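Below: one structure, written as C-alpha cells.
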Amino acid sequence: MKRREPAWRVFAGEYNDSTVEIRGGEKTPSYIVTPLGGKINRLFLVGVLTDVENVSEGGEFLRAHVSDPTGVFTLYSGQYQKDATDQLLNIEVPSFIGVIGKIRTFVPEEGSMYLSIRPEVVRELDVEARNRWIIETCVQTKHRIGAIIEGMKMNPPNVYDLRKLGYSRDLSEGVVTALKNYGEIDIEKYLSLIRESLHYITPQEWKRKMGSEEIENLILETIKEVEGDEGAAWDLIVEKCQKKGIDENTIEEALTSLMDKGYIFEPVLGTIKST
Amino acid sequence: LTSIDESIDDILDALSEKKVGREELEKHLKRFLEYGVPLDHAKETLIKKFGGSRVLIKDLKPDQRNITLICRVININQREITVRGETRKIFYGILGDESGTVPFTAWKDFEIEKGDVVEISNACAREWGGNIKLSLGERTTIKITDEALPEAQPTECKVKDLRPGLGAIEIVARILKMEERQVEVGDQRKNVYSGVLGDETGKAQFTSWHDFELKEGDVIKISGGYIKSWKGIPQLIFDEKATVERLDSSVISEKSIKTQRLPLHELVEKRGALDVEVEGTVIDIRKGSGLIDRCPECNRVLREGKCSIHGDVEGITDLRIKLVMDDGTGAVGGILGREVTEKLLGKSFEELKTEKSYDKIIEKMNNLLFSQRLVLQGNALGDEFGTTIIARDAKIVDIDVEAESRKLFEELEEL
C-alpha cells in the first residue's frame, strides 16, 4: 500500500537544528530526523513570507523565506512546482502564508547540513490561521518532548516500548534515531521555543486582561516565593514568571517599575530582594 | 568470534528454561564448527538438544528468533504477491495455543490446514503495527502432530481492539443491524447471518455461519470468533463452534454505543474502520472536487465526458469535495458528497451550478477549508492508495486559541 507521508508541524527552530538524514532509495522516501525525534518527509507550516528572489539566471527558480516565532524556513521552488512558484510570485511581502512541502537537504561537507523546503502547496492565509498553526505546533512539539523523555528512560530506547505508550510508529522510530545520533538533547531549549511561540499569540491578551498593577503584584508574589535571605537571582525570577505565561519584556518592565516604587531592590547586581 | 557470541545469545533466547550455561554452549558450538557443521544447523541442533524450548504465544517478543511453538492452526488463507516482478504464493492466518493467539505469515506452502495441531521450529517474531506477528520462512520447519492441545483461552476484546489476525476472542456487544442471506460454498447453499455490532468503543461488522437466532437489539457474549478484514474494516467471523450467550440488553444500552475516535496514524495503520470520527487539518483540496459529471448508468465520474465503462454518455452533474486531512501523525483522504458539501459551503447545489467557472468553486472550497481543522465522520476504507473517509458528516472545528494557549502553559508547568 502506498502511504501518504504525514505533514509534520515543527517550528523552524527545531527543523533547522536537524543534522540527521535517512536517505531513501528508489521506492522509499527520505527523511530528516529532528533532535526531538520528528521523522520528517513532509511538513506543514504557517508563517510570514518575508522575501522572494529568483536565484536562477536563465529560468525561474525562487528562494523564499518564511519566518515563524522561532526562526526562518528557507523555500526553494522551481518549474516543477509551478503552482507553488506562481503563488510565491503573486503574494505580496510580507503576508501570512501556509506551505505544504517536502524536505530538501544540502550537505556541502560531512557534518554540516543545510535544510530547506520544496513547496507543494502555497496559499495566502490570515493571522487566525497563523495562530492556529502555532497552537498546533506547540502541542505537537510538546508531544515530541514527551516522547524523547520516555525514550531516554529506556535502556536501550526501542520502538516497541514507545509504541506501547501510544506514540506513532514514525515518532517512535524518530526518537530512537535521535537518541542514537544527537548525544545530549537540550530539551529546555525546545520548551522555551514553545513558550516564546505562545507569547506571540498571548502577550496582548495578558496586557488586556491584566492591568500592569496586577502583573506587578503577580511578579512580587513570585519573588517572595523564591527569595531566600539573600534575595533571588534575576534570571530565576524571570524564568519563574515566564512559566506563568508572562513574556520577558513585560517582566523586565514590571521589575523596573517595582524597583522605582521601592517594593524591591538589588542588594548585589543580578539579585533581587523584596523590601 | 562475535558471531559465536551472537549465536549463543540466539540459542539462549530460544531456550525457555536455561538449563545450560554460556560456556557449555560455546564448547558445543565450537566443536560443531570445527567439524565444519554450518552455523545455522549447529544452532538448531543445540536448541533441540537443550530442548524444552517450546515458547508460549503470550511470551513472544519482537525480533525473537529460532522459536519453537506447539499450536493449532485457527485459520489459514493464501494470497499472491509480487516480489521483484515475481509472483509468489504466501499464506497467512492465525495460530493459537493455550496461552493466546498470534497472526502469522508463511512465505512458502507448509501444507498445513485449519484445525491442524503443529510443532513449528525456527520461526521468528516481528513487530507489526504495534503487535507481534510470526514469520515462517525458508528455515522454518513444521511437523503436524497429534498432540492434544488445550483450546486457546479466549481473549476479552472491545470493538476498538479488533484487528485482522486476532483469533479466539471473546466480546460483549450489541447487535445493531442483522441480515440473513444465502451464499454458495462449493456446491452447497448455506445461510449466513451478518450485520453490524457495537459497544462503547466502536462498531464492526460480523458474519456468523450458524443460526444463533440473533436479533437487532440483542446484547450477546461471543466466545471463539476470529477477525478478518475488508478494506481495513474488521469483520468478526464465527460459527457453530463458538458459544453465544445472551445477556440483559441493559448491559450495553443503545445510547452507550459510541463512534470510535482515533488519531490518524492509528487509522492509517488499521487501514480502515466502520463508522469513525477523526479530526485533522485540511491541507489539500484535490482534483475532482467541485462540480463533476457522473455516468447515468453506473454513477462513475466521467473523464472528459466519457465513462470508463459506458463510453460517451450524457452526464448528470453532481457536487463533491475531495480533500486531504492531516493531523501531523498521519494523512487520510476525505470524500464529501453533495449534501455534506452544501452544508459546509453554506450554498445549495442549485446556486453553485449557476457559477460560470468551475475554478471559482474550487477557490471557494480552498478559502473556506485550507488550514482549517475539520472533523469527519463516516466509514474509512483502505486500499492501495491509502485510507479514505467517506464522510457522512463534516464540521469545521472552532479553535479557541486563547484557551488552548493557557492550557498549554499549564501543561508545560507539569512537564
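A few notes on this one:
- Residue within region B:57-75 that is in a strand (DSSP E or B) and without any contact (Cβ under 8 Å) to a residue 60 or more places away in the chain present: yes
- Inspection of region A:139-147 identifies at least one residue that is among the basic types (Lys, Arg) and either in contact (Cβ under 8 Å) with a residue 40 or more places away in the chain or at the interface with chain B (Cβ under 9 Å from one of its Cβ atoms) (or both).
- Condition broken by A:GLU120, with the remaining ones in (1) of a type in the set (Asp, Glu); (2) part of a helix (DSSP H, G or I); (3) closer than 20 Å to B:SER371 by Cα; (4) within 11 Å of chain B (Cβ to nearest Cβ) satisfied: (2)
- Residue check: A:GLY211 meets all listed conditions (1) more than 13 Å from every other protein chain (Cβ to nearest Cβ); (2) modelled with pLDDT of 95 or more but one, namely (2).
- Among the residues of region B:269-303, those that are of a type in the set (Lys, Arg) and more than 14 Å from chain A (Cβ to nearest Cβ) comprise B:ARG294, B:ARG300, B:ARG303.
- Scope region A:151-160; condition assigned to a helix (DSSP H, G or I), surrounded by fewer than 17 Cβ atoms within 10 Å (Cβ to Cβ) and away from chain B (no Cβ under 11 Å); matching residues: A:MET152, A:LYS153
- Test: residue in region A:227-238 that is within 14 Å of another protein chain (Cβ to nearest Cβ) and closer than 28 Å to B:ARG406 by Cα: no
- Flag if B:ILE81 is of a type in the set (A, V, I, L, M) and either touching a Gly at 6+ places or on another chain (Cβ under 6 Å) or crowded, with 16+ Cβ neighbours inside 10 Å (or both): no
- Residue within region B:232-251 that is within 14 Å of chain A (Cβ to nearest Cβ) and in contact (Cβ under 8 Å) with a residue 24 or more places away in the chain present: yes
- Qualifying position, being within 14 Å of another protein chain (Cβ to nearest Cβ), in contact (Cβ under 8 Å) with a residue 60 or more places away in the chain and basic (Lys, Arg), among A:ARG130, A:ARG163: A:ARG130
- Residue check, A:ILE97 modelled with pLDDT of 95 or more, among the β-branched types (Val, Ile, Thr) and either more than 30 Å from B:ARG126 (Cα to Cα) or touching a Phe, Trp or Tyr at 6+ places or on another chain (Cβ under 8 Å) (or both): yes
- Failed condition for B:GLU402, given (1) under 28 Å from A:GLU128 (Cα atoms); (2) surrounded by fewer than 20 Cβ atoms within 10 Å (Cβ to Cβ); (3) in contact (Cβ under 8 Å) with a residue 24 or more places away in the chain: (3)
- Just one residue in the set B:LEU46, B:LEU29, B:LEU56, B:LEU25 is closer than 22 Å to B:GLU119 by Cα, aliphatic (A, V, I, L, M) and crowded, with 19+ Cβ neighbours inside 10 Å; that residue is B:LEU46.
- Lone unmet requirement of (1) in a helix (DSSP H, G or I); (2) closer than 25 Å to A:LEU45 by Cβ for B:GLU413: (2)
The values are calculated or read from the model by the stated rules, or taken from the named source; none is laboratory data. All of these numbers come straight from a predicted model, not from anything done at the bench. Positions of Cβ are generated from backbone atoms using ideal geometry, with glycine treated the same way; all protein chains shown enter the neighbour counts.
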